[in-house]
Amino acid sequence: TEAGGGEEAATEEAGGAAEAAEAGAGAAGEVSAATGGEDAKSLSKSKKSAAEAGEKPKAKSKGKAKAKTGAKKAEEGAAAEKPKAKGKAKGKAKGKAKGKAKKEDKSAMMEALAGEDEGEEAAAVVVQEAAREEEDDKTASLRKLEVVMKTVDSPKELEAVIQQCQAAGASEEELKAAHEKVKELRTRHDALQALRDAINDKDVEGLKAAIATAKELKLAKAEIDAAAKVLKVEEPKEEARKGLTAAQASGDAKEMKTAIAKAKKAGVSDDEIKEWEEMLAGAENKEKAEQGLAAALKSLVVADLKWAIEQAKTAGLDAGKIKEAEAILKEEEPKQLAREAIEAAMDSQNEAELEDALQKAKDAGLPASEWGEVEKLIEKKKKQKELLAGVTKALGESMNCDMKDVDSVRDAKEMLAAAIAEALAMGVNEADVLDAELRRKKLHNTVEDLKGAIRVFCRIRPMNKREKDLKDHTVTTQIDPMTLEVKEDKGTKHNFVYDAVFTPGTQEEIFEDCKDLVQSAADGYNVTLFAYGQTGAGKTFTMAGVPGMLGVSPRTIEEIFRVTKAGEARFQYTVLGSMLELYCQDLVDLLAKGNPAAAKQKLQIREQKDKSISVEHLSAEQCNNADDLHNLLEKGMKNRAVSATAMNSESSRSHLVLMIQIISVNRETKEQLKGKILIVDLAGSERLGKSQTTGQAQKESIEINKSLTCLGNVIEALTNPKKGQLIPYRDSNLTLVMKDALGGTAKTLMFVNCSPASNNIDETLNSLKYAQRAKNVQNKQEKKKK
């Protein structure tokens, strides 16, 4: 009774400790998150205080001395203006008030400097000092990471901050310590979980191992003490059970009586002891002894044979039968030991133990049916070692490839990917090829980057009936697979070089060089495919296609589910689809169009902390197969706005955006990646005089051209970045929704669709020049990872 009471108390205390630890972990997470934010604010405040207090480096020249004097006067002017700044900021959010006050301080400083004869040089220094106060995203993220690393207990929270740093451009070397910290936190988390599981299972060996690990990792004392109390209760029981088993193996009735008494004292349940008491009672019963011996000889279980022989001796059975049973025991005992060795080796999967068990099985004379699986497993282990060595070799060789040569990088990627796939197919653990898999993703990403931040495909459609009736002639000529020539009537020739030129090419040819981008999305990158060109140039045909000649969108859908099917053994995938149109600067949810409830919720474009773009209130449907996503696309296409113009009888009057999110979770490591594919069919660029639109259609044309101009401005800013210049994403909803899909780490493919007709030469040249600018956008070489 005392032992049972101790068990309940220990179990209850262990549960309480577990709850307390979980509550503590939650609190630690909140503290760490708060600390990260407050730390960044404190850094900013301390810099500002230092500037106001005049804490600047000592001057080493006459010019710097003048700068210091000018700065002091500027600060005095700024101090006089602070009450005004505070009055204006009253009632606004704290963060905005600080920002406005800071700007007014700087303005006051500049006015004060302008009034001094020698202030020009000082003003320049002050401006430079103020500029240096602005920390870039990368530095701020790394500072936050440094604080979080000192306080956080949850690996997930630290991983979230690491992802922010990666998005801000931090290198793997800068994040090396953080990754090590994540490993440490995961080890502690796993150890704590193992400790709690052992408490719940009341497993003595598990408790001992978990407590030893917990002490080594210096886990919470309350957790360790709770486990120790459970161990203190369970250990005597386990020893008692071992004593019962040993007594059975010895076949000694007296030893069994002693073992039963010890088990009762240790608190072993009556139900457990009942079995052994019945066994003891049978030892003194001759009839039961005969039955027990017969059953043991039939089962050939060594422990049963030993016990049955002892019962037979005690009950006075025939000596001949006992001798026969002992002979069988002598033969079966080595076999039983070999079977136990096989079972233990199969559980441990240790190659040395497997080989030892195989030898014991053969020596004991076990049939091949009992050790055949062991032999196969040994061969498999040897093959795994060989394949893992191949992965290591491929990984080493990939380090020597020319990272500026696309063919060299592609060859290294394919060699490494093949080695990884072969190793995993043979059962090599995911964790054993983790470094190689990270390298493969980097090589795949590099291949896409070397093709260009924005890859541009030019597609010239055939002459249509209207152009032929107008007696137009062709002004475009394909010089080679990458060069297009446009010849004006006056004889001027223009050459344009892109990643590929199709005149017009097949739908299969168009998609062939796109499909690798789907793998990039599955690896956690953002991917964008968009078509640009005048009305009637073939954009919708390229992106959507027609029955029998499917375009980029439906082929991308098929490729997504081909990639996810190929990787489903290693990853659990979730695919979400959304569809919207940008009509006259208004965002319209095409999956909810016509739904009164959805119409009340205005779509808003939001930029998340990790710089990713999302659309608030936009419908997102989970798609479990390609048919689901095809149906979603068809539904959205039916709701798109079109109307007739002089250039096209079914002109798209809006920009169409298909968003596909791919979320993957590694089944072994639980690592989660989020990628996004953006497929954009832009409305046609056109001149109002040529499209002959009026009324609402004319307003639509004006808005279409405005948004396309904004897109051109963004591309221009990305092409020729200037220090301190902001990329004008916010000038249009079109560029804002595409913000995380242009430049940066995004993979982007642009189709420029053109007419070959002489009547459209101006529009064709404009489109080709637009695409030429996009081709010059440079990409950052950092890897984006969730």
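The values are calculated or read from the model by the stated rules, or taken from the named source; none is laboratory data. The structure presented is a predicted model; accordingly, all values stated were derived computationally and were not measured. Virtual Cβ from ideal backbone geometry, glycine too; neighbours counted across all protein chains shown. These accessible areas exclude ligands, DNA and RNA; they are computed on the full protein's heavy atoms, side chains included. Shrake-Rupley method; radii C 1.70, N 1.55, O 1.52, S 1.80 Å.
Quick notes on this structure:
- Exposure ranking of R773, R640, R466, R570 by accessible area [1.4 Å probe, largest first]: R466, R773, R570, R640
- Apportionment of accessible area to carbon and sulfur, region 146-261, percent (1.4 Å): 52 percent
- In plain terms, the chain from A209 to Q608 could stretch by 139.3 nm, reckoned as 0.36 nm per residue minus the Cα-Cα distance.
- Sulfur and carbon atoms: percent of accessible area, region 543-611 [1.4 Å]: 52 percent
- Taking 0.36 nm per residue of separation and subtracting the current Cα-Cα distance, fully stretching the chain between N631 and D432 would add 67.6 nm.
- Annotation: per residue accessible area for region 492-538 equals 31 Å², rounded to a whole number [probe 1.4 Å, protein chains only].
- L718 accessible area, 1.4 Å probe, all protein chains in place, Å² to nearest 10: 30 Å²
- Mean separation of Cα contacts under 8 Å, 6 or more apart, over the residue count of region 417-536: relative contact order %: 21 percent
- Surface share of carbon and sulfur [accessible, 1.4 angstrom probe, percent] for region 278-400: 51 percent
- Across q = 0.11 Å⁻¹, region 524-633 modelled as identical point scatterers on its alpha-carbon atoms has Debye log10 I(q)/I(0) values of -0.46, in the order of the q list.
- In region 457-530, lysine pairs with alpha-carbon atoms under 29 angstrom apart (chain gap of 8 or more, or interchain): 9
- Computed on protein heavy atoms with a 1.4 Å probe, the accessible areas place Y583, Y770 in the order Y583, Y770, largest first.
- Using the Cβ-Cβ distance between K385 and D513 with R0 set to 51 Å, the FRET efficiency works out to roughly 0.85.
- Accessible area (Å², per residue) of region 162-207, counting only protein heavy atoms and a probe of 1.4 Å: 53 Å²
- Accessible surface, region 422-485, averaged per residue in Å² (probe 1.4 Å): 46 Å²
- FRET efficiency, K493 to N705 (Cβ-Cβ, R0 41 Å, nearest 0.05): 0.90
- Solvent-accessible surface ranking, highest first, for E332, E184, E173, E386 at 1.4 angstrom: E173, E386, E184, E332
- Here D318 and E355 are evaluated by their C-beta separation; at R0 = 51 Å the FRET efficiency comes out at 0.70.
- Surface accessible to a 1.4 Å probe, T540 within the full protein complex, Å²: 50 Å²
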